[in-house]
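Chemist: Starting off with a structure, shown below.
No value in this document is a laboratory result; all are computed from the given coordinates. This is a predicted model, so every value here is computed, not measured. Backbone-built Cβ (ideal geometry, glycine too); neighbour counts: all protein chains shown.
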Amino acid sequence: MKRSGSADLPLHYGYVPKWLAERMAKLGLAVVETIVMDYGKDEVLRRISDPFWFQSLGAVMGMDWHSSGITTSVMGALKRAINPHSQELGIYICGGKGNHSRETPNELIKISERTGLNGTELVRCSKLSAKVDNTAIQDGFQLYTHNFILSDDGKWAVVQQGMSPQSKTARRWKTSVRSWNGRTAAPRFGNFSMQFTRSSGRRLASQWLRNRL
């Protein structure tokens, strides 16, 4: 397991408008399809666990606020868009915000039955990832979003987020590994925390994605 980064974000409430959610899903699917075709499934997992790239993706998809909602809205849009095409892409997204996060084990077991992966071990990895950030690290952030992203060859990444009512901020954690069997790459650490306006954020995000795609 390698911790690939974290981000501290202002804690905001509310919902993404339906028109924006639909737009985000279409754009997210197009980006993921392009990465899979040009670079492969492993690159999707690597990039989605990169704090800077994830923030840029959210801005390009239309969620260009520096807000806690980027994590939940981007992952929600990607899950709705990618899972119907998982067989072709070889990418699956489990979990989500609140009660959806508790469905992660059941979703992983169903995926393992279709792909032949070790579902029990994947569930264990999911629970351990959540336990580390929620309990082992005593930093005052209570986990409320947990997404487990995996490929059909057993490689996976985790994007999860906790909130701190005292500081009115949310913290997004990212973890990725090469395979569920324990063979991991050397740790790569990163931290993302920045303030920018919506216009400058959109411009920086577009430039970042152009350089990475």
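Chemist: Of LYS18/LYS110; LYS18/LYS155; LYS79/LYS110; LYS97/LYS127; LYS41/LYS79, which pairs sit farther than 25 Å apart, going by alpha carbon to alpha carbon?
Modeler: Check vs 25 Å cut-off fails for LYS18/LYS110; LYS18/LYS155.
Chemist: If packing is taken as the mean number of other Cβ atoms within 10 Å per residue, what is the order of 34-40, 123-129, highest first? Intermediate values should be presented prior to the final figure.
Modeler: Working: 34-40: 14.1, 123-129: 18.4.
By packing density, highest mean first, the sequence is 123-129, 34-40.
Chemist: Between LYS168 and LEU20, 0.36 nm times their residue separation minus their Cα-Cα distance comes to what? Walk me through the intermediate numbers first.
Modeler: Numbers: separation 148, 0.36 × 148 = 53.28 nm, distance 2.51 nm.
Here the segment from LYS168 to LEU20 would lengthen by 50.8 nm.
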